[in-house]
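First the structure, in the form of structure tokens, and then the observations on it.
The values are calculated or read from the model by the stated rules, or taken from the named source; none is laboratory data. Not measured: the values here are computed from a predicted model. No Cβ is skipped: glycine too gets one built from the backbone with ideal geometry, and neighbour counts run over all protein chains shown.
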Amino acid sequence: MKRFRGIGAIALAGVAALALAGCQQGSASGGGGEGDGPITLEFQSLSDQPTTQAAVKEIVDQWNTDNPDVQVSIVQGGWDGAYDKLITQFTGGTAPDIIHFEASSIVSFAQDGYLADLNDLVAPDLKSDISQGIWDSVTQDGKIIAYPSTLQSYMVFANADLLAQAGVEVPSGDSMTWDQFEEIAKATTTPEHYGVGWGLKSPTATVMSMALGFDGGFFEGGGADASIDVGDGELAVPGRIHDMAYADKSIDPTSLTQSGSDVLASFYGGKVAMTVQGSFQATNMAKDAPEGLNWVALPPIAGTAGAVQAANPQTYSINVDSPHVQESADFLNFFMSGDNLAKIAYADALIPSSGEARAAVEKLAGDDQAWKQVLASGEGLEGPPFLKVSKYQEWKDTVATPALQQYLADQISKDQLATQLTDGWADVNG
Amino acid sequence: MIARRPRYATVLMYAVLAAYLVFLGFPLLWLLSASFKSSRELNSLSVNLIPIEWDFSNYANALDRQNLVTAFGNSMLVAIVTMIVAVLLSMPMAYALARLKGRLRAAGTVWILISQVFPTILIIIPLFLVLRSLQLNDTLFGLILVYVTFTMPFTLWMLQGYVAAIPPELEEAAEMDGAGRFTILRTVILPLLAPGLVATAMFTFVSAWNEFFLALVLLQSPELYTLPIALRSFLGAEGQTQLGPLAAGAILATIPSLVIFGILQKKLTGGMLAGAVKG
Amino acid sequence: MTVIDTPAAPTPSKKPAKRIGARVRAQRKEAIALVIPALLPIIVFSAIPLISGVALGFTDATLARNAETNFVGLDNFVALGGDTRFWGSFGIGLVWAGSVAGLTLISAMGLALLLNSDLKLKSLTRILALIPWAMPPVVIAIVWRMIYNPNSGPLNGTLEFFGIPGVNWLGDFSTALPAVIVVGVWSGIPQTTVLLLAGMQSIAPEQHEAAAVDGAGAVRRFWHVTLPALRPVIIAVTALDFIWQFNSFGLIYVLTEGGPGGQTMIPPLFTYLEAFRNREIGYASAMGNVLVLAILVILSVYLVNQFRQNRKVRA
């Protein structure tokens, strides 16, 4: 009896495994007619701002009018839970043909082999109009896995009145150094308010991005062979933030546990003189800031390696199992053309990837000061090493985020942080 | 009552009850207040239960966007059908579990336990594959079947307790009169079970109405989305939460369950008499 | 589940009579007819996925496209034995589920006693008491994030009004887990209250009266009449609450995402990261199997203990 049960269990495991494996090479559900009729491409879009949705719809409608044989239908999704949904769709074989997401999250699907290589499909003009740094962020093992569309950077927004009160001049120029930033923070810290509020509830993305300004790449190599190196360059950004919060006391330590939007409330309320936010917040500030608040965007912060940050663009990828990879690419080449991309970027307050679209956005923005700084900060975006690392997501969620949270809460020392990050990687990748 | 209570004790009891209700009800009140605040006020440091400037546009915004109305309809359909099907399916089985003891009952109990302990996240992909092979993925019907199955452990457990509380002598009397099992079930058990069925119905309705993860993963077409999915889309990408419309939508999502509670409340408390957990 | 259609094991030793055998067979037929409608969806949508989930724990399955899956025996479990982060999260899970189940029971007991007494406005208070149940979990998390907000939340606002400095509830290492537990208790109270209330109403009034005649006060009546009568309900409700809380990660995920610094990283959240973020579904399923085993052991210890006490009380 016992033996039979053992074998029965194994057989069962085999069946389950077969069922799982056997169903994986599913095709995209969008298929449409294989024959002569028009084909339909499913386009899963995550854009959630009403204006952006309208822009996307307008572009798709235009394409559908021009191309009666290749119809695109929008499947509206949401950012929240998008990853969970996609992973089930891919594993279950029902993923759409065209997939909107972002570079650092789409990477794992590329590594698992679900995305088409776009090297020969991207229109040559578009390819040369987007900087190599941005292309790097969507390249895996020499394959281009997505069209990079729009990007954000981290920017410093300041309350000009509080700066003036402290006798600080609003810095001008192409960038400001970390030292300058720390000086302003100290100068604007008073008993009533802190110099800086910085929403670092999820600190990893910010730290990994800004560390590039100190040549802090964290990872060497790619795939499963990647090795980690946590040195001075990597620790510069968390170290400086930590010292500002606990030595200079110029960063509000509570803000380090909050989300960016929570900290905006403190900024609006005059509790902090400056706040570091994603560049897209510029539009929210225009909408939500109290009438009298005189806010400005400061030049991008530069480390020893310049004002460099990680490019983590939103992306448009093609399902490798789609029966219509070529048509999907044709559509995306149209979707990514200068004017179209500019419309989307402008609606989302994000930086478009291509030069043509950037020029178009500049025109749309007129002489808006914040937009100028937003676009300027886009110059220093580079593809970061971590996007090439297989187990980055897991390391980020289970190692880096808790460790950084502990360090930024002054619970562990800088050395312990370095040890946790390094040993955690050995655990995860081991 | 049994003994006269001193006056101070009564006052104390009301005070404690009031404290409970504040604790349980305040979050809903705060949500209601948020739903009337402007985006500017929500993103400020002010702490007010009464909005400084009343803003009614959140409700219009919420209803305007993300097909909230369609989602409301879908959720209503899914929750009501789940409720009916779950009650219809689990009643006979609960009866069997309670009356026909033995190994079936042991197996049932073990299954109930394991199905509640094993993390849902690990079942989701096999479940998705099963649904797809039955062509039921991306249909509300498939979602309903899944909800029925997933609420069954609790409904069975609850209902068999109610059945066990009904004295077997009643059935035996009917049996003497020559009634078959199903006649007995219909004429003797069903009426006595009514309150328990109401409680079960409430539970399944609320579970199906609130469920997010399965709906997110199993539904693909936006026109099939249920309310929790539509609500989550207000959360947006990192830091883009639209609190006002979200709060308004959340209020609208909470009302149906409250209404159901209101309607069933009398039956519920009366019906819970049976002692669900006996048996 | 196979119990129904396999012929009964050779153990009808006690009932040799032929007539009874026929009756048993008839009963089995009835049982099948009663059970099949519910059993079908259970097998298709619950048993099959569950069994494949359990089985996957013995393989190296991943979610990659066309991935090869091999049977690896107990390798996953051996690796899991040395996974300190998993066991750390397991400890947090026990604290979380244990305290939520315990505190929910205590608070719900108090509320149920009040609702069961002769206070006025019963129907209104009973609906109000169910409010947390009516709110979808996403909404619960969002509201409580607003309430706990260190700068603009009503909780700190009230504290500061009384001159007490505010607390960074969800962000501070020492308060994050307790703060999340409060939300867990809050959302669990209605259901537990309803079940306890049901149990209380099934206690015959005569029992209370008899105790009152003996001169027992309210406290002693609760201790010697209500509590013993409620014991089976209490056991079942706490066990169920414990399982549910141990297994639910939606609330914590939206509230803290396991932060700050891993203080609220409960096992299902950890399993989720392993299964979906890292796509190692085999290893994650092994975690699931270990969780099932661990919970079953804990529960059986608890239940055996409780039933033994129960017998003692009765004796």
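Quick one: in the range A:265-280, which of the residues that are within 7 Å of chain B (Cβ to nearest Cβ) and in contact (Cβ under 8 Å) with a residue 60 or more places away in the chain is farthest from C:GLY259 (Cα to Cα)? Going through the qualifying residues, I end up with A:LYS271. For the range B:113-126, the condition holds for no residue, the condition being that it is surrounded by fewer than 24 Cβ atoms within 10 Å (Cβ to Cβ) and more than 9 Å from chain C (Cβ to nearest Cβ). The number of residues in the range C:109-124 that are facing another protein chain (nearest Cβ under 7 Å), surrounded by fewer than 17 Cβ atoms within 10 Å (Cβ to Cβ) and among the aliphatic types (A, V, I, L, M) comes to 1.
Okay, residues lined up against (1) buried (at least 17 other Cβ atoms within 10 Å of the Cβ); (2) assigned to a helix (DSSP H, G or I); (3) on the phi > 0 side of the Ramachandran plot:
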| site | (1), (2), (3) |
| --- | --- |
| A:LEU41 | yes, no, no |
| A:SER47 | yes, no, no |
| A:GLN53 | yes, yes, no |
| A:GLU58 | no, yes, no |
| A:ASP61 | no, yes, no |
| A:ASP84 | yes, yes, no |
| A:PHE90 | yes, yes, no |
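The range B:125-228 holds helices (runs of 4 or more DSSP H) entirely within its bounds, and those carrying 1 or more residues that are of a type in the set (Phe, Trp, Tyr) and on the phi < 0 side of the Ramachandran plot map to B:140-165, B:181-184, B:190-210, B:213-218. Criterion first (facing another protein chain (nearest Cβ under 9 Å), at pLDDT below 85 and more than 29 Å from the chain's Cα centre (by Cα)) does B:ARG65 satisfy it? No: the conditions fail for B:ARG65.
Please work out if A:ASN119 is in contact with a strand residue (DSSP E or B) (Cβ under 9 Å, 6 or more places away or on another chain), part of a helix (DSSP H, G or I), of a type outside the set (Lys, Arg) and more than 8 Å from every other protein chain (Cβ to nearest Cβ). Taking the combined requirement at face value, the residue does not satisfy it. For the range C:54-73, the tally of residues that are more than 8 Å from chain A (Cβ to nearest Cβ) and in contact (Cβ under 8 Å) with a residue 24 or more places away in the chain stands at 4. None of C:ILE131, C:ILE142 is within 19 Å of C:GLY188 (Cα to Cα), at pLDDT 90 or above and surrounded by 19 or more Cβ atoms within 10 Å (Cβ to Cβ) except C:ILE131.
Taken over the range B:36-66, residues that are among the hydroxyl-bearing types (Ser, Thr, Tyr) and either closer than 13 Å to B:PRO245 by Cα or in contact with a Ser or Thr (Cβ under 6 Å, 6 or more places away or on another chain) (or both) amount to 4. Of the helices (runs of 4 or more DSSP H) that lie entirely inside the range A:242-348, those containing 2 or more residues that are in the same structural domain as A:ALA54 (by TED's automatic domain parsing) and farther than 29 Å from A:GLY216 by Cβ span A:325-335, A:338-348. Selection over the range C:128-174 of residues that are within 18 Å of C:GLY250 (Cα to Cα), at the interface with chain A (Cβ under 10 Å from one of its Cβ atoms) and assigned to a loop (DSSP other than H, G, I, E, B) gives a count of 1.
For residues in the range C:255-271 being without any contact (Cβ under 8 Å) to a residue 60 or more places away in the chain and surrounded by 24 or more Cβ atoms within 10 Å (Cβ to Cβ), which is farthest from the other protein chains (Cβ to nearest Cβ)?
Across the range C:255-271, the extreme among qualifying residues is C:GLY258.
B:LEU49 meets all of the listed conditions (1) facing another protein chain (nearest Cβ under 8 Å); (2) free of Cβ contacts under 8 Å to residues at least 12 places away in the same chain; (3) surrounded by fewer than 16 Cβ atoms within 10 Å (Cβ to Cβ) but one, namely (2).
Can you tell me which residue among B:MET93, B:MET83 is surrounded by 24 or more Cβ atoms within 10 Å (Cβ to Cβ), within 9 Å of chain C (Cβ to nearest Cβ) and in contact (Cβ under 8 Å) with a residue 12 or more places away in the chain? Selected residue: B:MET93, the only one of B:MET93, B:MET83 that is surrounded by 24 or more Cβ atoms within 10 Å (Cβ to Cβ), within 9 Å of chain C (Cβ to nearest Cβ) and in contact (Cβ under 8 Å) with a residue 12 or more places away in the chain. Of all residues in the range A:130-174, those that are over 20 Å from the mean Cα position of the chain (by Cα) and among the β-branched types (Val, Ile, Thr) total 2. Residues in the range B:1-46 that are within 30 Å of C:ILE106 (Cα to Cα), surrounded by 18 or more Cβ atoms within 10 Å (Cβ to Cβ) and either in contact (Cβ under 8 Å) with a residue 40 or more places away in the chain or of a type in the set (Gly, Ala, Ser) (or both): B:LEU28, B:LEU31.
No other residue among C:ILE252, C:ILE295 is within 14 Å of the chain's Cα centre (by Cα) and away from chain A (no Cβ under 12 Å) apart from C:ILE295.
Residues of the range C:277-300 that are free of Cβ contacts under 8 Å to residues at least 24 places away in the same chain and over 19 Å from C:TRP87 (Cβ atoms): C:ARG277, C:SER300. Every condition in (1) more than 24 Å from the chain's Cα centre (by Cα); (2) at pLDDT 80 or above; (3) more than 20 Å from C:LYS29 (Cα to Cα) holds for B:THR183 except the one numbered (3).
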